[in-house]
Structure formats: structure tokens, C-alpha cells
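Peer 1: The structure's right below; bear with me while I get my questions together.
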Ligand SMILES: Nc1nc2c(ncn2[C@@H]2O[C@H](COP(=O)(O)OP(=O)(O)OP(=O)(O)O)[C@@H](O)[C@H]2O)c(=O)[nH]1
Ligand SMILES: [Zn+2]
């Protein structure tokens, strides 16, 4: 369904006036849209809220396909958002149902961690994978800063990440300070719309700049439409020279689990999925219940205990 945006002051345009484009930048209430041949600065009308962290539920995010009516060769008005294939959301406030869309139509979430500074902890990856699965977005893993740490640390990290490779996730090893893994990262990102996510300081910005000089994630600007002048962080869809796009929006770099329901957590563990209907209790949480197919698979070493322990930790956290 196409979401029509309430806009009492705007008469519905003739179909011939309408162009379809992609939202590639949102800064305060200024929305930039790219069509096949042009770019338009679009003002917001009606109940269009942007992802500016104001606590409002936004109807528009970078990556959205929109219908707009040109007002001139470079200005336009958006009147409809086309259906999204995927959406990355975050919880606003305490209510699970109050969600803000951070980015739309994303193909891939690249989970970046660092070998050192901050030190690699494999458990953190499971949290991000749950978020990706919840959004039905493909996930890949990138271990950065492999120039740091000793050989032993890298050998251990590789061994831990091997589990994820066997589960089907692409795994790459990179350094923003050397050339290591740059070709693999470009190949991973090519022709896809991706988000780099991971904890602060793992090197997401440096990696982006390393594979494409001049690309600066997290650009700040001044919101000229706000009350007074204040700095607002832009949400941006960056084009990659070699094909593909990178999304950077406030909040998307460190995703949180808050909006995910406990009963849906197990689906975020890809190897649990075939077993979820085999437990004795239909509503099995896979923790205290007897005759649980997931726990039996852990005992039989078909599911890695580390992954099961991660599941239990996240389950507690969502309580
Ligand atoms: N040695 C080494 N340092 C790196 C590498 N990548 C990033 N750094 C350093 O790590 C620090 C953090 O890098 P950023 O790219 O800002 O990290 P980020 O993940 O974008 O962090 P946020 O912006 O907080 O989300 C900087 O001091 C970088 O110079 C790497 O591959 N090797
Ligand atoms: Zn179970």
C-alpha cells in the first residue's frame, strides 16, 4: 500500500506531474531526493516527520522511494512514500510499539567489530544478528583493526568467527590503516545498500573513508528551519564509486535490541529456526522447559553452547 501523506494545503497533482525518486539526505526538515536524472530539495508538508531524534514517529527515512511533484527544476513536494522492502527501526522511549524508522530499503547490515580497541567480544555479534534478522535484512561480519594485536589474538578471533561462516554469514577481516581486506569489503558492498553498524570506535568511519577517499560518515549541518540555529546531524545515503550505497543516520551505527519481543528472539538465531516447532511446548522459551529441541541440539553439539548462552543472556535482557 502506498502511504498517502495528509497535506490539506496541497491539491493532488496530475499523474504527469509526478516523479519517483529516492530520499538520499534528511537534515532537519529538509529532504533531498534523487530521481533518475535530477535532484530535488523537497520541503515537508502534512504529517511528515523526519528521523531527527525528536521523539516523533517519522514517516520518512533515507532510502525511501517517494513520489514528488516538482515545483521547479530543483525543488519539489513529496506526497507519497512507496512501500518499503525493509526498515531499520529503533524504539523511541519505553514503549516497544513506538518506533522510529532509521533507514528504509536496506539490503545488508555489516556488523563491524575490532580486534583491539575495543577488544573483540564475539557475544556482541549475536545481538546485532538478532536485529538484522528481525528486520529481515541480510547480515555480514567485518573484523577491523587486524593490524593491531598479536598474531595469537587474530588466530583466536578467526577461530571464533569461523562458526559464523559455517552458519552462512560472510566474514571479512580488514584494517583501515593498511590495505588488508579492502577488496573484500568493496566486493561485499558492491551494488547493495548497506549499513555499517557496530560499537563506537571500531572504525566504521575510517573503513568507509579507506575504501572511498573523501567519504565522511556522520556529517553535521545546520538546521535552518528549526527554531533558532542549532546543529542537526544529517541522515545520508552515500553513493559508492564502485556501485552500491552506504547509509549513515544518527542511531543506525549503534543499533539497540529494545524493540524486539522476547518470543521472537529465537528466530534471530538462524540455526535454532528449524527446531523451533519441535519443542514439546509450543510456547517454549528454550530455557527452563523440558523436552526442548534447542537444548537437546546444544547437548548434541549441533548448536554451539556459546550461541545458546548468548540467547539466554539476551532473553534476560529483554525481560
Ligand atoms: N590501528 C587501527 N586503528 C583504526 C582502524 N580503524 C579505525 N581506527 C582508529 O580507531 C578510532 C575510531 O575510528 P572511527 O572510524 O572513528 O570509529 P567509528 O566506528 O566510526 O566510531 P563512531 O563514530 O563513534 O561510531 C580512530 O582513532 C581510528 O583512527 C584500523 O583498522 N586500525
Ligand atoms: Zn525449546
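Just so it is clear, none of the values below were taken in a lab; they were calculated from the coordinates. This is a predicted model, so every value here is computed, not measured. Here the Cβ is made from the backbone with ideal geometry for all residues, glycine too, and neighbour counts use every protein chain on show.
Peer 1: Can you figure out the FRET efficiency of residue 155 with residue 283, using R₀ = 30 Å and their beta-carbon distance, to the nearest 0.05?
Peer 2: 0.10
Peer 1: FRET efficiency for residue 177 and residue 313, Cβ-Cβ distance as r, R0 = 41 Å, nearest 0.05?
Peer 2: Plugging the Cβ-Cβ distance into 1/(1 + (r/R0)^6) gives 0.80.
Peer 1: Then there's this: Which FRET efficiency value, to the nearest 0.05, do you get for residue 43 and residue 98 by plugging their Cβ-Cβ distance into 1/(1 + (r/R0)^6) with R0 = 25 Å?
Peer 2: Working from the Cβ atoms, E equals 0.45.
Peer 1: What list do you get for 109, 125 if you sort them by fewest beta carbons within 10 Å?
Peer 2: Fewest-to-most Cβ neighbours within 10 Å comes out as 125, 109.
Peer 1: In addition: Which order do 301, 306 fall in if you start with the one that has the fewest other Cβ atoms within 10 Å?
Peer 2: Listed from fewest to most nearby Cβ atoms, that is 301, 306.
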